[in-house]
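Inspection log for the structure reproduced underneath, given as structure tokens.
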Amino acid sequence: HSICFGYESPLDRIVKYLKGPSATMQPNIRSMDLCRRYGMRPVGNYIIGTPIETYKEMAQTYWIIKQNMYRHTPNIFHMNPLPGTAQWRQCVADGYVSDDLEDWSVLNMKYEKGRSLLLNTNYSEDQFEQIYTLFKALEDDTSPEASWQLQLRSDYYRQRLTEIAGFLRQRLSKEEQD
């Protein structure tokens, strides 16, 4: 049995941006513990690519999700403004969308380079596509079977994580130089 939560982010700054100034990530951790206690598997929906998210925060988000995969199943989504939300109003003000939007396909749930909205100017579409792909791979690694495979194929995952860490370090280094 599982239950789905809108965790949004493991980082308080991003959670506050998405849910308001009093929101924190503490309830997310508590929900994971409660679900585990009662024999349920929490599914956490996460949003990446918010307008304020930095490479450093993106890397932190990735590693926190990765470290907690034994506790929950992540679903990864890119930032998509929904009509009527504060994010929608900000996107209208910034010119990303209009209230009379005709092509609603730009608000699709799966990020597609060149088609989906990218609301963060800290990285290009090519960079975000790579990052999004890395995050989406986490969804495939969280089943109980995959947890065992993770242990059995630790060399493969260690190499993969080293590559991801290198990519994120390179991006962070470039961001700090800018």
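Quick one: compute the contact order of the chain, relative version, from alpha carbon pairs under 8 angstrom and 6+ residues apart, as a percent. Numbers along the way, then the final one.
Working: 197 pairs, mean separation 36.3, N = 178.
Contact order relative to length: 20 percent.
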Item to check | Extreme residue, positive dipole direction of the range 8-62, given options T50, Q60, C35 (C-beta unit charges) | outcome: C35
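Please report, in debye to the nearest 20, how large the charge dipole of the chain is about its Cα centre when each Lys and Arg carries +1 at its beta carbon and each Asp and Glu carries -1 there. Provide the component values of the computation, followed by the final result.
Working: 21 positive and 23 negative charges, 182 e Å.
Using only the charged Cβ atoms, the result is roughly 880 debye.
Where the only charges are on Cβ atoms (+1 Lys, Arg; -1 Asp, Glu), what is the dipole of the range 26-95 about its Cα centre, to the nearest 20 debye?
It works out to roughly 400 debye.
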Checklist entry - Pick the calculated semi-axes √(5λ) of the Cα gyration tensor in Å for this structure from (i) 34, 21, 13; (ii) 27, 21, 15; (iii) 37, 23, 15? => result (ii)
Checklist entry - Which residues' amide hydrogens lie under 5 Å from the amide hydrogen of S9, considering only partners 5 or more residues apart or on another chain, with H built in the peptide plane? => result I47
Item to check | Per residue solvent-accessible surface (Å²) - the range 1-139, probe of 1.4 Å | outcome: 51 Å²
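When Lys and Arg each count +1 and Asp and Glu each count -1, what net charge do the other residues less than 11 Å away from V97, Cβ to Cβ, add up to? Provide the component values of the computation, followed by the final result.
Details: positive: R89; negative: D94, D99, D100, E102, D103.
Its environment carries a net charge of -4.
If you roll a 1.4 Å probe over the chain with all protein chains in place, what percent of the accessible area is carbon or sulfur? Walk me through the numbers before you get to the answer.
Numbers: 5280 of 10170 Å².
For the chain, the apolar C and S fraction of the accessible surface comes to 52 percent.
The values are calculated or read from the model by the stated rules, or taken from the named source; none is laboratory data. Computed from a predicted structure; not experimentally measured. Glycine gets a Cβ as well: all are built from the backbone with ideal geometry, and neighbour counts include every protein chain shown. What goes into the accessible areas is simple: the full protein's heavy atoms, side chains included, and nothing from ligands, DNA or RNA. Shrake-Rupley method; radii C 1.70, N 1.55, O 1.52, S 1.80 Å.
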